[in-house]
Amino acid sequence: MIKGNNFRVLLLDDDRFMHEFIGDLLSDLGVKETLVAKDGADGLRVLSNQEGVFDLLICDIEMPGMDGIEFLRNIASQGYTGHIALLSGIDANLLRAAERLANAHGLRMVGVIEKPVKIDALKALFAKIALTNNENIDRPNDAHKKKVFSVDEIKQGMADDQFDVYVQPKVFVQDKRISGVECLARWYHPQFGLVSPDDFISIIEENNLIYDFTLMIFRKSVAQLAEWKQQGLDLKVAVNLSMDNLDRTNLPETFEAILQKTNVSSHQIILELTESKLGKNMALSLDILTRLRLKGFELSIDDFGTGFSTMETLRSLPFTELKIDQTFVRSALTDPSSRAIIESSIQLAKTLNLNLVAEGVETQVEWDLMATLGCGCVQGFFVARPMPRVEFTTWAAHNGGGHR
Ligand code: C2E
Ligand code: CA
Ligand code: CA
């Protein structure tokens, strides 16, 4: 899973046997070097002698001398930025509490490993690290491949109404009925043609344009739904929000005002938020999200499974839908840990009474797997690629959905 790189691990455990046992498992998984420490103080010594961070730091909670909790507090105060996993034979709840504490310290937790340690648990950790690393390096890596637009170009594009939405259907697995569409921003660039959101959303976010941008997309999406409704096509429309949108207290009122003069109800609008970015200003975000729900908007947690405090987030925020990230769907057929993540997400959605959407379903085999696993809705190229919104009515007519 981590073949061909120079992955380095630091393992803190007072048990020599564990040093050898875990060391062997790690080397089977392709880890180049595992350093060990016998307690927290020893761990701090190793860190102070090292340049930079380890790719993974595995920390036992119970150790004589400086225990895991004290060690984590210490490295948090030093601003340690590497990935950390907790290890323990103590009961699962205590282990989760330690994980929450580490999260509260702002440490970069990737998970917990219960003793006895199994190789699959380590594999799952590496998968998670690979995912978060990919997310982090995507931007700079992609920069040379794509055109980098300036803020002024984007501002001009917005002023000239060059942005619009493509729509991609979501369908129920059981009967293939259309449940709704997701509106995906596109830039009809006069020179470069159709530009995808990955090339402009982050620039928009970084330059404080996301509020205006989101309102524009929201207005267009609502206007489109209003038109479809008049034609007898009744469905739900999903709009993507940026976490940066959750900094204006009156966002729920603003959305509500946009709906006011239309035939569209807030119950037909799903607002999608990416989980990995949740939690910047928790109190304000929670205030806005709660009031959006009170006003009838549905809330969907996007790219589910790629963020950190997954369970915690779900418990404390009023979501109505969970969208399993494409990466899990894509690897589900070959990687048992991805499949396990999908299965447990489906279970979680059922327990918490959330709608579940599997994103990125590209093939019949993937569709069949999602059906077998009991997934509620599917979105992906297998059903349809995102399309210009004017093409959707024809597509819907041929695919038997939407009309009620
Ligand atoms: P997302 O919200 O996760 O949207 C799903 C992305 O996956 C879309 O990419 C869609 O075209 C793509 N996709 C759907 N099915 C498949 C499939 O079967 N296979 C593959 N390989 N890809 C599939 P798109 O349209 O390029 O959008 C990328 C991201 O940009 C979105 O990811 C979303 O995070 C962001 N985005 C799009 N529109 C907006 C917007 O209006 N506002 C904000 N804040 N973000 C937006
Ligand atoms: Ca989305
Ligand atoms: Ca997604």
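The values are calculated or read from the model by the stated rules, or taken from the named source; none is laboratory data. In this text, all values refer to a predicted model and were calculated from it rather than measured experimentally. Please note: Cβ atoms are built from the backbone with ideal geometry, for glycine as well, and neighbour counts cover all protein chains shown. When the accessible area is computed, the model is the full protein with side chains, heavy atoms only, and any ligands, DNA or RNA have been set aside. Shrake-Rupley method; radii C 1.70, N 1.55, O 1.52, S 1.80 Å.
How large is the convex hull of the Cα atoms of segment 211-291 per residue, expressed in Å³ as a whole number?
Each residue corresponds to 82 Å³ of Cα convex hull volume.
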Log10 I(q)/I(0) at q = 0.17, 0.20, 0.21 Å⁻¹ for segment 141-256, from Debye over equal alpha-carbon scatterers, is -0.93, -1.16, -1.22
Per the Kirkwood formula over distinct C-alpha pairs, the hydrodynamic radius of segment 147-399 in angstrom is 18.8
Cβ under 14 Å from ARG186's Cβ, ARG186 left aside: what net charge do those residues give with Lys, Arg +1 and Asp, Glu -1?
-3
So which of LYS128/LYS170; LYS176/LYS236; LYS220/LYS323 end up more than 18 Å apart by C-alpha?
LYS128/LYS170; LYS220/LYS323
Centre separation in Å (Cα based) which lies between segment 86-112 and segment 170-193
39
Per-residue ellipticity at 222 nm attributable to helices in the chain (runs of n ≥ 4 DSSP H, -39500 (n - 2.57) apiece, nearest 500 deg cm²/dmol) works out to -13500 deg cm²/dmol
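Is the C-alpha gyration tensor of segment 8-137 telling us rounded, prolate or oblate? Criteria: a/c under 1.5 is rounded; beyond that, a/b larger than b/c is prolate, otherwise oblate.
It is rounded, given that a/c, with a ≥ b ≥ c, falls under 1.5.
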Just the number, please: carbon plus sulfur as a percent of the accessible area of segment 147-399, 1.4 Å probe, no ligands or DNA/RNA counted.
50
Specify the angular offset, from 0 to 90 degrees and rounded to the nearest 10, of the alpha carbon long axis of helix 364-373 from the longest principal axis of the alpha carbons in the chain.
70
D (Stokes-Einstein, µm²/s), Kirkwood Cα radius, segment 327-403, 1.002 mPa s at 20 °C
158
In the chain, what % of DSSP beta bridges are antiparallel (nearest 5)?
30
